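So the structure is just underneath, and the comments pick up after that.
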Amino acid sequence: MSQVVQSRRLRAVDLARCKAEGRKIISLTAYHAHTASILDAYCDFILVGDSLGMVMHGMESTLPVTVEMMIVQAQAVMRGTTRALVVVDLPFGSYEASKEQAFLTASRVLKETGAGAIKMEGGAKFAETVGFLVERGVPVMGHIGLTPQSVNTMGGFRVQGHSAESEKALMADAVAISRAGAFAIVMEGIVEPVARAICRSTDVTALTIGIGATVECDGQILVLEDMLGLSDRAPKFVKSYGSLRAHIEEAVKGYADEVREGRFPAIEHTYPPRG
């Protein structure tokens, strides 16, 4: 009797092998089952980012996002995928108080969603927390540089690494969370030469994932809505690979015009009686 062999979902350890193989890692964000299902064939990991607060709900920052919001959207992404590793952001206020708080939040997220890893912002000051989670079976992706959850203390969404002091701190952050056991580090909004130096450092063994960093990162990530041209304003580091906003507006206008003029629904869009 023949057997059906089902390919398993990628895990953090599978992505870690990419660095040795020299293969670039592909990633995008997703918050819905239908978009995640499209990404699944092309992305090594899909990030359910707390950027959903701004992208989906029109918030000014990611700070109001809750754990419950992250879980609901991560469940949707998991239902829409079978192959890619799904990584879920821990939102602001859900992990900073203590390493124990971080573990309780991370374990809840993994249990209730089935995702394969969590992401948390912060560098050296959270290295102990990263190690605590990894020791307890939680794959951790770090996030340094422009960390949106720190927007108030940073004074806005500002590129990092312009000064010698900032450069030194960023390198220390990358080394600390890499040594603590993070399997990957998102490097956001970092001056290119500084990002390049981090990628080339032998002390940084974790995968480097760039977003406004450098092409020398082990992989790249973008917010899906940004790269599809759905956002009103996108950061400089975004390259638009589509113009869906214009297409959607054109389609909605066409629908509105036809309804207003009595041309939709046409007879082919209605149901005749039986018989």
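The values are calculated or read from the model by the stated rules, or taken from the named source; none is laboratory data. On a predicted model such as this, the values are computed, not experimentally measured, just so you know. Backbone-built Cβ (ideal geometry, glycine too); neighbour counts: all protein chains shown. In case anyone asks, the SASA skips ligands and DNA or RNA and just uses the protein heavy atoms, side chains included. Shrake-Rupley method; radii C 1.70, N 1.55, O 1.52, S 1.80 Å.
For the reader, a short list of remarks on this structure follows.
- Residue in region 244-255 that is in a loop (DSSP other than H, G, I, E, B), among the acidic types (Asp, Glu) and modelled with pLDDT of 95 or more present: no
- Summed over region 81-113, residues that are farther than 24 Å from Ile144 by Cβ and open to solvent by 20 Å² or more (accessible area, probe 1.4 Å) total 5.
- Of the residues making up region 6-16, those that are in a loop (DSSP other than H, G, I, E, B) and either open to solvent by 50 Å² or more (accessible area, probe 1.4 Å) or among the basic types (Lys, Arg) (or both) are Gln6, Ser7, Arg8, Arg9, Arg11.
- When we screen Phe132, Phe157, Phe183 for residues that are closer than 21 Å to Leu10 by Cβ and of a type in the set (Phe, Trp, Tyr), the only hit is Phe183.
- Every residue from region 117-155 that is of a type in the set (Phe, Trp, Tyr) and within 20 Å of the chain's Cα centre (by Cα): Phe126
- Matching residues, region 175-222, being of a type in the set (A, V, I, L, M, F, W, C) and part of a helix (DSSP H, G or I): Val175, Ala176, Ile177, Ala180, Val194, Ala195, Ala197, Ile198, Cys199
- The single residue among Val151, Val134 that is touching a Ser or Thr at 6+ places or on another chain (Cβ under 7 Å), assigned to a helix (DSSP H, G or I) and open to solvent by 10 Å² or more (accessible area, probe 1.4 Å) turns out to be Val151.
- When Leu230 is tested against the conditions (1) at pLDDT below 95; (2) open to solvent by less than 100 Å² (accessible area, probe 1.4 Å); (3) out of contact with any helix residue (DSSP H, G or I) (no Cβ under 6 Å at 6 or more places or on another chain); (4) assigned to a loop (DSSP other than H, G, I, E, B), the lone failure is (3).
- Restricting attention to region 256-265, the residues being part of a helix (DSSP H, G or I) and exposed (fewer than 11 other Cβ atoms within 10 Å of the Cβ) number 1.
- Out of Ala169, Ala164, Ala124, one residue alone is of a type in the set (A, V, I, L, M, F, W, C) and under 28 Å from Ala20 (Cβ atoms). It is Ala124.
- Of all residues in region 175-199 being closer than 16 Å to Gln220 by Cα and not hydrophobic (A, V, I, L, M, F, W, C), the one that is nearest to the chain's Cα centre (by Cα): Glu188
- Flag if Leu52 is within 21 Å of Arg11 (Cα to Cα) and buried (at least 19 other Cβ atoms within 10 Å of the Cβ): no
- Among the candidates Glu167, Glu268, the residue that is part of a helix (DSSP H, G or I), open to solvent by 50 Å² or more (accessible area, probe 1.4 Å) and either closer than 21 Å to Phe126 by Cβ or at pLDDT below 95 (or both) is uniquely Glu167.
- Meets criteria (touching a Lys or Arg at 6+ places or on another chain (Cβ under 6 Å) and either within 21 Å of Cys43 (Cβ to Cβ) or open to solvent by 20 Å² or more (accessible area, probe 1.4 Å) (or both)) for Val77: no
- Boolean, Ala115 is within 25 Å of Arg11 (Cα to Cα) and among the aliphatic types (A, V, I, L, M): yes
Every residue, every condition in (1) closer than 25 Å to Leu39 by Cα; (2) more than 15 Å from the chain's Cα centre (by Cα), yes or no:
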| site | (1), (2) |
| --- | --- |
| Phe157 | no, yes |
| Asp173 | no, yes |
| Thr205 | no, yes |
| Glu225 | yes, no |
| Ala234 | yes, yes |
